[in-house]
Amino acid sequence: MKLQSVRGTHDLFGQDLFKFNEIRKIVTSYAELNSYSELQTPIFEFTELFKKPLGEQSDVVLKEMYTFKDRNEDLLTLRPEFTTPMIRAAISNNLLNNLPLKTYGIGPMFRRERPQKGRYRQFNQINFEIFGSNEFMADLELIMVANNILNKIIPNSEFILNINTLGTRENLILYKHNLTKYFNENKNKLSSDSKDKINSNPLRILDSKYEEDIELSKFAPSIHEYLSNSEKEHYDNIKKGLNFYNISFVENNKLVRGLDYYCSTVFEFKTNNLGSQDTLLGGGRYDGLIGKLGGPDIPGIGWAAGIERISMLMTHINNDGAKVHLAITSKEYNSHAQKIINFLIDNKISYYWNYKYNLKKSMSKANSKKTNFVIIIGEDEFNNNFYSLKKLDDGSQYKLKINEIKSFINDKS
Ligand code: HAM
């Protein structure tokens, strides 16, 4: 049997891993700048946690969850998303005593989707949430943080913010009712996929990719007819704020998002450079969800971005490798080598050695890795207590005492 990874999963190394780590660094720095604290949750949770909030009719719950029975018959699920586990963790650990709670996380999610470019069964998300505020400034801040992070990671890529509002939960219930009525009346014009959604999830028909659904949706009732004045004001304030921050956006009144818990503000950052998996980041408000999960009745809003998708748009990352290679010509000089290794570590100068007592092989490795310096440790160096330092770009070589090495490397780098 040929050893291979499970379909839809991938190993991370080399460039992809450099990119992943760079993303993590940038996300962490923006989280700190905007005072979001990290929250890590387990990879698996009780299945119940996901079922209701995500919508028992949603694709994620119906087809995509990795669910298994534990030996004691507990039903467990690998987390398909971060929002519900974060809420669970905030409730379980009494973190909601001090509001608002601003939190972020980075980690793997699991969905049994059909793998394709930009769509995996194990993928990584960046996730930001604010629990306990219904101020429009919270929505604006989250979108601004998302925009800053994307601009920092992929400054040369084109992406555009799509926004919409779904109104309050009550408005949404009425709207869904009328939407169901409209689609039922025009059932024969819908794709067969959408026919199945009329009663269970009519909102999803609005963002269907089938031509016939798009055509019919053009004449469907619009959520905007159902908005209260305060919802309109909330939405207008966000748009004004986006203009103030110079964040370009399009209003997309067909944007509904895939999970059931959304209401009010929803948004996505989309790109044309990734084919059909074109959403880099998506989120919105989920007022009512925290209460539904057993917490206090407080509002919430957040977003998640797919690291793999963002990573595909990143430019090459230079990783220079070790600054210094060692070339040790014989075992007899190991003690002299140990001294310099200790010194390099103490001075935070990265080093590499190939464990070969062979000058030629060590030099050729250093050349192939495009290292700046090689420290040679041979008979003369050992007997006379110095180190030969070769600068690879011009081939010059110097005899140095251990205490001269740091400033020499700093000067010549
Ligand atoms: P989502 O739209 O399901 O939202 O996922 C967010 C992002 O995760 C997507 O825009 C995409 O970049 C990435 N993603 C999703 N599925 C896959 C996949 N199979 N392979 C690769 N990347 C994927 C949520 O998960 C919500 N929890 C977001 C949120 C947070 N809403 C409020 N707070």
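The values are calculated or read from the model by the stated rules, or taken from the named source; none is laboratory data. Keep in mind the model is a prediction, meaning the values are calculated, not measured. Every residue, glycine as well, gets a Cβ built from its backbone with ideal geometry; the counts of neighbours run over all protein chains shown. Heads up: the accessible areas ignore ligands, DNA and RNA and are worked out on the full protein's heavy atoms, side chains in. Shrake-Rupley method; radii C 1.70, N 1.55, O 1.52, S 1.80 Å.
Please state the shape class of the stretch 372-413: rounded when a/c is under 1.5, otherwise prolate if a/b exceeds b/c and oblate if not, all from the C-alpha gyration tensor.
Oblate, since a/c reaches 1.5 and b/c is not below a/b.
Can you send over the solvent-accessible area of T329, 1.4 Å probe, protein chains only, in Å² to the nearest 10?
Number for this one is 50 Å².
Give K189/K239; K25/K323; K323/K401; K209/K270 a once-over and call out the pairs whose C-alpha atoms are over 24 Å from each other.
K189/K239
About the Cα centre of the stretch 161-221, how large is the charge dipole given +1 on each Lys and Arg Cβ and -1 on each Asp and Glu Cβ? Please answer in debye to the nearest 20.
180 debye
Which one, G321, L359, G55, is farthest towards the positive end of the dipole of the chain when Lys and Arg carry +1 and Asp and Glu -1 on their Cβ?
L359
Kindly write out, for the stretch 355-366 in residue order, the coupling ³J(HN,Hα) from the Karplus curve 6.51 cos²θ - 1.76 cosθ + 1.60 (θ = phi - 60°), rounded to whole Hz, with x marking Gly and Pro.
So the Karplus estimates, Gly and Pro as x, are 6, 10, 7, 8, 4, 4, 5, 5, 5, 6, 4, 4 Hz.
Could you sort L3, L259 by their accessible area in this structure, using a 1.4 Å probe and putting the largest first?
Sorted by accessible area, descending: L3, L259.
Using mean Cβ contacts within 10 Å as the protection proxy, how do 53-59, 406-412 order, highest first?
53-59, 406-412
Placing +1 at every Lys and Arg Cβ and -1 at every Asp and Glu Cβ, with all other atoms neutral, what dipole size does the chain have around its Cα centre, in debye to the nearest 20?
Approximately 1500 debye in magnitude.
Would you mind telling me the share, in percent, of accessible area of the stretch 1-54 contributed by carbon and sulfur at probe 1.4 angstrom?
57 percent
If the elastic network links every pair of Cα atoms under 10 Å, which of K370, K152, K239 fluctuates the most in the Gaussian network model of the chain?
Answer for the Gaussian network model of the chain: K370.
In debye, nearest 20: dipole of the stretch 57-132 around its Cα centre with unit charges on the Cβ of K, R (+) and D, E (-)?
Value, rounded to 20: 340 debye.
Could you state the accessible area per residue of the stretch 276-337 in Å², with a 1.4 Å probe and every protein chain left in place?
The answer is 37 Å² per residue.
How tilted is helix 14-33 with respect to the longest principal axis of the chain? Cα atoms for both, answer in degrees (0 to 90, nearest 10).
Roughly 70 degrees between the two axes.
Which is farthest toward the positive dipole end of the chain among S248, S335, T67, measuring Cα position about the Cα centre, with Cβ charges +1 (Lys, Arg) and -1 (Asp, Glu)?
S335
Which order do H224, H234, H336 take by accessible area at a 1.4 Å probe, largest first?
Largest accessible area first, the list is H224, H234, H336.
So which aspartates and glutamates pass the test for K369, namely a Cα distance under 20 Å, with those fewer than 8 places away in the same chain ruled out?
Within the straight-line cut-off, K369 pairs with D16, D320, D393, D394.
Is the shape of the chain best called rounded, prolate or oblate, per the rule: a/c under 1.5 gives rounded, else a/b larger than b/c gives prolate, else oblate, with a ≥ b ≥ c the square roots of the Cα gyration tensor eigenvalues?
Prolate.
Of V266, L190, G282, which is farthest on the positive side of the dipole of the chain, counting Cα position, with +1 on Lys and Arg Cβ, -1 on Asp and Glu Cβ, and the Cα centre as origin?
Going by the Cα projections, it comes out as G282.
Given the protein chains as shown and a 1.4 Å probe, how many square angstrom of D393 are accessible, to the nearest 10?
Its heavy atoms expose roughly 120 Å² to the probe.
Give me the 1.4 Å probe accessible area per residue for the stretch 53-118, excluding ligands and nucleic acids, in Å².
So the stretch 53-118 comes to 49 Å² accessible per residue, rounded to a whole number.
If I build a Gaussian network model for the chain, linking alpha-carbon pairs within less than 10 angstrom, which residue out of K361, K69, K197 has the largest mean-square fluctuation?
K361
Enter the angle in degrees (range 0 to 90, nearest 10) between the Cα long axis of helix 229-244 and the first principal axis of the Cα atoms of the chain, meaning the one along which they spread out most.
30 degrees
Quick one: pull the percent of accessible area on the stretch 172-291 belonging to carbon and sulfur, 1.4 Å probe, ligands and nucleic acids left out.
46 percent
If you roll a 1.4 angstrom probe over the protein chains with everything in place, what fraction of the accessible area of the stretch 339-384 belongs to carbon and sulfur, to the nearest %?
49 percent
So how much accessible area does R88 have, in Å² to the nearest 10, using a 1.4 Å probe?
The value for R88 is about 70 Å².
Quick one: accessible area per residue over the stretch 192-251, 1.4 Å probe, rounded to a whole number of Å²?
Each residue of the stretch 192-251 exposes 60 Å² on average to a 1.4 Å probe.
Taking square-rooted eigenvalues a ≥ b ≥ c of the alpha carbon gyration tensor, is the stretch 104-232 rounded, prolate or oblate, where a/c under 1.5 means rounded and, failing that, a/b exceeding b/c means prolate?
Here the stretch 104-232 falls in the oblate category.
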